[in-house]
Every structure is written in C-alpha cells, then in structure tokens.
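Inspection log for the structure reproduced underneath, given as structure tokens.
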Amino acid sequence: MDIFIGIVIGLFVLMFLVTAHEFGHFLMARRNGVRVLEFGICFPPRAIAWIKDPKTNKWRRYKRSEWKQEKMTKTVISSKDDSADELAPKGMIFSLNWLPIGGFCQMDGESAADTREGTFGKASYWSKTKILFGGVIMNWLVAFVILTILAWAGMPEFLENQFTVETDTRTERVPVQVTSVAENSPAEKAGIKTNDLILSVNGEEVWTADTIASFNESHAGQEVTYKISREEWITDAIECIDPPCPTQTELRETTQELAVTLNPAGSEYYLGVTMSSKQAISYSTWSAPIVGAGLTLQVTGETFKGVGVMLWNLITGVGSQLSFDAEVRENGQEAISSVGDSVSGPVGIIGILFPAFTSAGPANLAFLAAIISISLACMNVLPIPALDGGRWLLITIFKIRKKKLTKDIEEKIVSRAFMILIALIFIVTILDIIRIAR
C-alpha cells in the first residue's frame, strides 16, 4: 500500500512540476506577444476543455463537436498550406487531459522560420530567449518556494555542508541508536547494549551512522572511547530516621564512557553493532528566503557537477575499452556501471524514490520535489536540440552566422536529437525496471 501511495503521489508531483515548467513558457509567450493555441494539463486525449473568445474575452465550454471540426480543418488546410493561420480554432484553449504525464503549451508557429504576426518564429531573438527559458526559470522558482517553506517549517539535512544562515538556524539532532549488538563483538565486550544512544566517539560528537562507521574503519585495531546514553532502572534508598529505610525504583537516563578496542583492519566488522540514525532538522525564521535561494543555488551546482562527472565517467569508460591493459578496461567498465547507477528515469523516480521519500514524511517528500524541479531546470538548460537550451543554442548559432534557420533544417536537427533522447529514456527505463525487480 505504501508503494502504491508513493507512486500516485509521484505521478501528481511530476505532473505538477512539468505543468509549472510549461506555465513558464505560457507566461513568457503571452508577455511577448506570441499567441498560445492551447495550454493543457496532462497529455491528450482531452477530457474537458474551455476556449477563450478573443472578442468578448470570456471563457466558454469547448464542445466535443468543435474538437472534431478542429481536426478536420487541420487535415484539410495542412495538406494545402502549412502556414495557414486557420490551423487552430480562434481563441486560446485550456484543456484537462487524460494521460497524467505532465502538461504542454502549444504556441502558434513554433518553428523559428515562421513569419506570421503573433507566432514564435516572428518574435525577436530576445523574446525567443525569454520564452524558451521561461520554463527553466519557473522550475527554479518552484524549488525556491518549496525550500523557503521548508526552511521555516523544518528543513531535513541531506547535503554535506548544506546551506544555512548560522545566526538564524536552530538544528534539532537525534543521537545514533544501537539497534543490535553482535555476540562476542568489541561492542558487547565493552558493555554497549541494544537501544544505547551514541553521543560521541573520542570526544567528537557524531550524529549519523555513516560517520561512526567511517570513524571505526579509520581507527581499526585501536582503542577508542564511546560516550553513550541509556535508560536504566535505578533503585535509591529513601531517607528515613529508623532503618531499614524504604527504596524507590525509577527509570533514569544515564551517561557513561566505554573503552572499546576495535577489530583489526580487514575484519568482518570493527565494532559489531547495527545502528539507526534519524535525520537532523533545521529551522529558520527571517532568513528562510535566503536559505531557500542559497540551497537552490547549491543543489543546482551539485546537479551540474553530477552531470559533468557522469559524462566524464562515460567518455573515459568507453575510451578505456580500447586499451590493451585488462586492468584499465576493468576500471572503465566500473566507470560505465557507475553512470548507469547514477541515472534514474521516470520509472525509477516514481517507483523507487517517491515511495521511499513518502514513507519518510512530508518534509522529505517536499525536499525531493524541490530537487526534481531543479533537475528539470538544469536538464532543460543543457545544449540538447530537443530541449529548451538546445533550441536556444540552435537559434543563436544561426543568428550569429546571419543565416536563416529554415523549417526543414530545424525539424531534422530537433527530430533526430529527440529520437536519441527517447532512446536514452528507454534505456534508463529498462535499468530502472531491473533495479525495482531486484
């Protein structure tokens, strides 16, 4: 049931983020004089639609009989004249559609070669730039709003050195808890017990199980001091005049330091415990918008860094397969495998990430939504012709060369890039399904 709920929530969140992206295109198109033929939530077939009459500026229900007439008009006219202004009904359509996979903003004359008034092609270079990057800006803005709200209501800590304003940040941390102790392990010999809370190691505060595991590995074979806290039943004698005096027993939290000699390097384990750590939550007040903006920039930088590392691993991994050295080829295969492990498509996001983050609570789910929104912005900035950044680069190159970008050239470049993109999505989807099947 948790997985099902996570998948449903994931679909709604992705639909919202993609629709927000398209709404950015819509706003910029309207502000720069480009006609929007249809703005749709989800993908066709249409479920219900409204059309805005340009004369009265009022909305009315767009009837199914008119949909059929619209399709017939497009078929007849497009076979004669692709540039005819009557390819779309008079007035903008707002539609709700059946396939919950995003949204779309259909502008009039989306080819850069279109010269009709009110089309995307007729718009100035600066207007085209604002329209193409309107979706990217909207995704960054959505992430900023989510992260600002989280900064005020409670921000989970996911990143190392996560951005905060120290003078206005209150952080709530929960010590790492021991969930089990192996028999005859260094932990058991030292007196560490199940449900103990680990406060520090060698005088240094520790707040995550990973930090403790790394510390143990780097101090293998050494004696270290664990400061732990536990609840114990303590029996005290009550003061009285005539003994024997009565006693009282109560549960108290006690703190003690235990010397532990860790197992040597190469052992199955060093301490011999399993641990559970809860996420730290930070709170801000007046600095919440600053934290939202700073964290949006931080995640954007980490995203571009991750893409760069992924591309480098892919290029070097493929190149190493040409080497005669077996060790070099093996390292290259590991680099290629790391690329596959670090990439996740819609199936992986909806089927793996959202169920996990949904069960972790609403704050974690909101944080994931902000991360995905930033990822959508970053991906669309990349110079891939089928995406916003690639289309802008194509228009820019032809403007610099002072040559006309014809419809045929644009369609060939974009369609081929789109096919490559679809192929990559297909491969990533297969990898996601394999991960889920495991």
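Scanning the stretch 150-196 for residues that are under 17 Å from A280 (Cα atoms) and either in a helix (DSSP H, G or I) or among the polar types (S, T, N, Q) (or both) returns L150, A151, W152, A153, N161, Q162, T164, E166, D168, T169, T171, Q177. Can you name every residue in the stretch 385-412 that is modelled with pLDDT under 80 and of a type in the set (S, T, Y)? If the condition is that a residue be modelled with pLDDT under 80 and of a type in the set (S, T, Y), then T406 is the only one that fits.
I'm trying to understand the selection: among the residues of the stretch 122-149, which are outside any helix (DSSP H, G or I), surrounded by fewer than 21 Cβ atoms within 10 Å (Cβ to Cβ) and not polar (S, T, N, Q)? The answer is K122, F133.
Could you tell me which residue of the stretch 401-416 is farthest from the chain's Cα centre (by Cα), considering only residues that are of a type in the set (V, I, T) and within 15 Å of G121 (Cα to Cα)?
Going through the qualifying residues, I end up with T406.
Among the residues of the stretch 359-400, those identified as hydroxyl-bearing (S, T, Y) and under 11 Å from the mean Cα position of the chain (by Cα) are S373, S375. In the stretch 203-262, the qualifying residues are those that are among the small types (G, A, S) and assigned to a strand (DSSP E or B), and the one that is modelled with the highest pLDDT is A259. Using the structure shown, decide if K122 is within 30 Å of G294 (Cβ to Cβ) and basic (K, R). Judged against the criteria, K122 is not a match. Does I9 satisfy the criteria of being under 26 Å from A123 (Cβ atoms) and either aliphatic (A, V, I, L, M) or modelled with pLDDT of 90 or more (or both)? Answer is no for this residue. For the stretch 334-351, does any single residue satisfy the condition of being outside any helix (DSSP H, G or I) and at pLDDT 65 or above? No, there is no match, as no residue in the stretch 334-351 is outside any helix (DSSP H, G or I) and at pLDDT 65 or above. Does the stretch 48-68 include one or more residues that are touching a residue at least 40 places away in the same chain (Cβ under 8 Å), surrounded by fewer than 16 Cβ atoms within 10 Å (Cβ to Cβ) and touching a Phe, Trp or Tyr at 6+ places or on another chain (Cβ under 7 Å)? Checked the stretch 48-68: at least one residue is touching a residue at least 40 places away in the same chain (Cβ under 8 Å), surrounded by fewer than 16 Cβ atoms within 10 Å (Cβ to Cβ) and touching a Phe, Trp or Tyr at 6+ places or on another chain (Cβ under 7 Å). Looking only at the stretch 25-69, count how many residues are among the acidic types (D, E) and within 29 Å of the chain's Cα centre (by Cα). Count: 1. Being over 19 Å from A366 (Cβ atoms), in contact with a strand residue (DSSP E or B) (Cβ under 7 Å, 6 or more places away or on another chain), in contact (Cβ under 8 Å) with a residue 12 or more places away in the chain and aliphatic (A, V, I, L, M) is a condition met by no residue of the stretch 145-153. When you look at G24, is it under 23 Å from I131 (Cα atoms), modelled with pLDDT of 90 or more and assigned to a helix (DSSP H, G or I), yes or no? Spelling it out, G24 is indeed under 23 Å from I131 (Cα atoms), modelled with pLDDT of 90 or more and assigned to a helix (DSSP H, G or I).
Per-residue answers, yes or no, for (1) of a type outside the set (F, W, Y); (2) at pLDDT below 90; (3) at negative phi:
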| site | (1), (2), (3) |
| --- | --- |
| G91 | yes, yes, no |
| E110 | yes, yes, yes |
| S124 | yes, no, yes |
| N139 | yes, no, yes |
| F144 | no, no, yes |
| A151 | yes, no, yes |
| N161 | yes, yes, no |
| P186 | yes, no, yes |
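Each row is one residue, and each column tells you yes or no for (1) hydroxyl-bearing (S, T, Y); (2) in contact with a helix residue (DSSP H, G or I) (Cβ under 6 Å, 6 or more places away or on another chain).
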{"position": "E117", "(1), (2)": "no, no"}
{"position": "S127", "(1), (2)": "yes, no"}
{"position": "G135", "(1), (2)": "no, yes"}
{"position": "N139", "(1), (2)": "no, yes"}
{"position": "P156", "(1), (2)": "no, yes"}
{"position": "L159", "(1), (2)": "no, no"}
{"position": "F163", "(1), (2)": "no, yes"}
{"position": "D168", "(1), (2)": "no, no"}
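The values are calculated or read from the model by the stated rules, or taken from the named source; none is laboratory data. Not measured: the values here are computed from a predicted model. Cβ atoms come from the backbone with ideal geometry, glycine included; neighbour counts cover every protein chain shown.
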